[in-house]
Amino acid sequence: MFRMKKKSRHRRKTHTKQFHTIKNARPDLGQPPGTPVYVGEEQQIPSRLTLISYTKDSCDFREIPVENISLLDERDKIHWLNIDGLSDVELLQRVAEHFGIHQLTLEDIMNTEQRPKVEVYDDYIFVAMKMIQFSDSGALDFEQVSFILKDNFVITFQEKVGDVFNPVRERIKTGYGRVRRGNEDYLFYGLLDVMVDYYFYVLEKIGDSIEELEGRAATETNQNFILEIQDLKKDILLVRKSVWPVREIMNVLIRDESPILDRSIAPYLRDLYDHTVQVMDTVETYRDMVSSVMEVNLSILSNKTNEVMKLLTIISTIFIPLTFIVGVYGMNFTYMPELSWRYGYAVVWAIMIAIVVGMVIYFKRKKWL
């Protein structure tokens, strides 16, 4: 009874320690709703504001200080304001105040663990999605990107420098495509489209990894191979978690009747919705394929184990009668007539050899060997 109490006390201490760890890891816990608190990886980079302003005939790329935000009211241009770095609460608060962004939206922007979502307000649309890239080490990197769509403005908030939007920047710079001829909602669509297109690139690389694992599944039986499968399965689950809500986001944008989104953009959003469905189908297929690879590898490992056990069982079975004979004649009784026979030793060996040969022939006929 004393040991059980002691164990229970230890368990309570462990839970308390875990609780304090979680509490320290989430600075937003216990804060009033709408409190802008950065939740994410510790960042050392300063926030940077990059502005792209363009019309049908011209475009301008420049980096601006936060003090110049109040000057960004040119109605004859489309503006794309990109903010890298979310740890500067004061800067983001000033941006939110200037553009009339609700405090609850700002809270979602700074919470990088936010589930992908869409919210439609009277004067802007907010979308949060996960941007998936490959890091320098080849691992998947998940970063939250938040979008604000307003009149003449698209504002993007990123955790760090580096994104997948360079194709859109090049189209704006060169005037290729419709982006320079479209409104801010077409720019908004173009950014979402690039993110979804990059999902296909990520899934293509994951598919190559699955094919490589399938080729090794029949020969690899070590622990490292199982860990590789587990890591890949974890990546697929993270991709699924990031992509699954995107379909809901597109569905809301298609059905929304807000004047911020022109109805001419609806066919593009429907096409983007189809792409997200295709991405989800691919993710589900890959998840099943990874599970199949693991099952095949475990089956092969189990069959090899069974083969070894069968061989050991056959060897043990052969030695059972031999052990019995040796055990009988190893007893120290005084009156054992066979011990005094002149050819007793040779006869015992002949009997044991005959038993071994007979059992091997029997096992081969049964195809056990």
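The values are calculated or read from the model by the stated rules, or taken from the named source; none is laboratory data. Small disclaimer: the values here were computed from a predicted structure and weren't measured. Glycine also receives a Cβ, built like all others from the backbone with ideal geometry; neighbour counts cover every protein chain displayed. Quick note on the areas: whole protein, heavy atoms, side chains included, nothing else; ligands and nucleic acids left out. Shrake-Rupley method; radii C 1.70, N 1.55, O 1.52, S 1.80 Å.
Just a few scattered comments:
- Solvent-accessible area, 1.4 Å probe, carbon plus sulfur percent, for the chain: 55
- Remark: the chain carries a charge dipole of roughly 3100 debye about the Cα centre, counting +1 on each Lys and Arg Cβ and -1 on each Asp and Glu Cβ.
- Kirkwood radius, segment 61-197, all distinct C-alpha pairs, inverse of mean reciprocal distance: 15.6 Å.
- Cα-projected label distance for Phe200 with Phe142, points at 7 Å along beta-carbon direction, nm: 2.3
- Membrane-span-like helices of the chain, defined as complete DSSP H segments with a Cα extent of 18 Å or more along the helix axis and a mean Kyte hydropathy of at least 1.6, are identified as 344-365.
- For the chain, the per residue solvent-accessible surface stands at 59 Å², with DNA, RNA and ligands left out and a 1.4 Å probe.
- The residues packed around Trp349, meaning those with a beta-carbon under 15 Å from its beta-carbon, carry a net charge of 0 if Lys and Arg are +1 and Asp and Glu are -1.
- Virtual paramagnetic centre 7 Å along Cα→Cβ of Lys234, amide N under 14 Å, in segment 134-164: 139-142
- Span from the segment 130-196 Cα centroid across to the segment 303-322 one, whole angstrom: 64
- Pairs of alpha carbons in segment 229-369 whose separation is greater than 27 Å (percent): 62
- Short-range pairs are left out: with C-alpha atoms under 8 Å and at least six residues apart, the relative contact order of segment 114-241 is 17 percent.
- Kirkwood Rh and Cα Rg combined as Rg over Rh, evaluated for the chain: 1.31
- Segment 136-204: projected area of the alpha-carbon convex hull, averaged over directions, in nm²: 5.3
- For segment 44-168, the dipole from Cβ point charges (+1 on Lys and Arg, -1 on Asp and Glu) about the Cα centre works out to 240 debye, to the nearest 20.
- Projecting the Cα atoms of Thr285, Ile320, Asn166 onto the dipole axis of the chain, where Lys and Arg carry +1 and Asp and Glu carry -1 at the beta carbon, places Ile320 farthest toward the positive end.
- Estimated FRET transfer efficiency when R0 is 45 angstrom, pair Glu67-Glu214 (beta carbons, to 0.05): 0.20
- Local electrostatic count at Thr156 - Lys and Arg +1, Asp and Glu -1, tallied over other residues with Cβ under 15 Å: -4
- Label-point separation, Val277 to Phe333 (7 Å along Cα→Cβ), nm: 8.6
- Inter-part distance where segment 254-296 and segment 63-129 are each reduced to a Cα centre, Å: 26
- Nearest-0.05 FRET efficiency for Ile300 and Val347, computed from C-beta distance (R0 41 Å): 0.30
- Take the Cβ atoms of Glu170 and Asp123, set R0 to 35 Å, and the FRET efficiency comes out at 0.70.
- Pair Ile361, Lys160: separation of 7 Å Cα→Cβ label points (nm): 7.4
- Amide hydrogen neighbours beyond the local backbone of Lys160, cut-off 5 Å, H modeled: Gly85
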